[in-house]
Structure formats: structure tokens, C-alpha cells
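First the structure, in the form of C-alpha cells, and then the observations on it.
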Amino acid sequence: MKTLLVQYIPNKRSKTKVLIDAFRQAIGDMEIEVLDLCNDVPDLFSPAALEAYYARIDGDIEHGVPVPVLAKMDRMTAQLKACDIVVVAFPMYNFSMPATVKAWFDSVMLHGDTFTNHPRGGYRGLMTDKKALILVAASGTYSTGSDGIGGLFGPTWEHAVSLAQTEFRFMGFADIRGVLAESMARRGEIAQRNLNQAAEQVRSIVQEWYGSELVTQELAATV
Ligand SMILES: Cc1cc2nc3c(=O)[nH]c(=O)nc-3n(C[C@H](O)[C@H](O)[C@H](O)COP(=O)(O)O)c2cc1C
């Protein structure tokens, strides 16, 4: 099982990283490829890139022929297509995902690669044999909406995990899980308790997804 971890963790005291650490510890020695978006920043759709993208969709540029202006997007897309499980980890910024993470989604959601036209109209995702796990930390509380500005926060303000889920759903992912460590700005035990609970959720998803492979790994270690 090939795992790709896509992370954007610019904060040295990151809470999101606690969830990444829980994931990495839980999968043990299992192989994992890391795409660090702080060092390998995705391209944006410049006018030239968009023109080349449309030319490829229209068949004016053959799919598979290298196009320099799309090279980084193609590389990140190929990396995603090669994995069985993708884990995307990032902090919530302004109720959504940081721009760098959105740029990664824009880079890999390419027509003809991760989705295509549906024969009956609309689109269909091509990543139907893959799983996605989304790990996010946020200061605010979205499940109950109890501590926002004037009590305004609530589920409809949460566009970080929910947007990532929508993107993966569009690409056809078979199993999509989101873990949100919320209330990270709360005082007292609440923040730590929520972070522990989120880490526990991560460990239980790992057990569910990697259970049999983990047992094989343990057996191999004892022989
Ligand atoms: C630029 C910026 C924007 C943020 N916007 C939000 C927000 O809209 N909602 C929220 O709940 N927290 C917001 N936060 C707080 C972070 O989500 C919070 O600090 C979380 O712990 C970040 O994860 P990290 O600890 O991994 O950096 C923001 C933080 C930064 C730096």
C-alpha cells in the first residue's frame, strides 16, 4: 500500500503536526512519500498554463506530451495517481485551506487525469480505488459554534475539511475521512482534550485502513 503525505505546516509549534505525528507513529515502518508544500510550492494557473491546459483538453496538445508550463502540475498529479492512500494535513486559515494547499488541489484536479467527462453529461472522478485522509487544526469551534464572534461560528463556517472532502469526492475517491482538531485557542483542558481525541481518531482510521499490513509488519519483526 503506497501512502502519500501532503503537508503544509509553516508553524514551528503546529497543532496539525501532532496529528501527522500520530499518523506516522501508527503506521510504523510502512513506506510513506512526503510532499512538503512549504518547500515544493505548487504552481498557479498563469494565463499560459491555462491556455496549455485547455489545448490539452481540446486535443490540440496530445496528453502525455511534456508541456513545460504544466510540468509541475503534471508531476504532482502523477505523484497523487501513484498512491493508494493520500493524507493531506494543513491548518485552517480564514475558514478554509491555506492558498498553497488550494494550489495543490488546483494542480492535481486535472481533466483527463483525475477526472473526466461523464458519458451522460457532467464529470466523473477517476481516482475510484483510493482513500483520502484530511487532517486539520483550527482555533475556533465549528461542531457546536459556541465560541465564535458573538456566537456566530458554526458548521457553516467550516470550509477547510469540507472543501477538501468535496475536492476528493469530485476526483472519485472511494473513502474520504476528515479529522478536525477544533477549539485549539480555548483555555484550560479543552484544547488538549480535543487534540488528543483527534489524534485517537487518526489512530483508529490507521487501524481500519492498515490493520492487516500492520499485523504482517509486527509478525515480520518478531521472526
Ligand atoms: C493566517 C491565519 C488564519 C487563521 N484563520 C483561522 C480561521 O479562520 N479559523 C480558525 O478557527 N482558526 C484560524 N487560525 C488559527 C489556526 O487555525 C490555529 O492556530 C491552528 O492551530 C493552526 O494549526 P497549526 O497549529 O498547525 O499551525 C488562523 C491562523 C492563521 C495563522
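Kindly express, to the nearest 10 degrees and within the range 0 to 90, the angle between helix 71-81's C-alpha long axis and the longest C-alpha principal axis of the chain. Between helix and principal axis, roughly 60 degrees.
Ranked for footprinting exposure by Cβ neighbours inside 10 Å, fewest first, Asp21, Asp29 give Asp29, Asp21. Listed by Cβ neighbour count within 10 Å, with the fewest neighbours leading, Arg203, Arg120 appear as Arg120, Arg203. For the chain, the longest principal axis of the alpha carbon atoms and the long axis of helix 47-57 meet at an angle near 70°.
Summing Cβ point charges (Lys, Arg +1; Asp, Glu -1) relative to the Cα centre of the range 3-222 gives a dipole of roughly 660 debye.
For the chain, the mean residue ellipticity at 222 nm estimated from helices alone is -13000 deg cm²/dmol, where every DSSP H run of n ≥ 4 contributes -39500 (n - 2.57) and the total is divided by all residues, rounded to the nearest 500. Each of Phe45, Phe168 was scored by other Cβ atoms within 10 Å of its Cβ. Listed from fewest to most, they are Phe45, Phe168. Helix 189-222 and the long axis of the chain differ in direction by around 70°, with both axes built from C-alpha atoms.
Close amide H pairs (under 5 Å, H built 1.01 Å from N) link Val34 with Leu5, residues at least 5 positions away or on another chain.
Each reported figure results from applying straightforward, stated rules to the coordinates on display, with no laboratory input. Predicted, not measured: the structure shown is a model, and the values here were computed from it. All Cβ positions, even for glycine, are placed from backbone atoms using ideal geometry, and neighbour counts span all protein chains on display.
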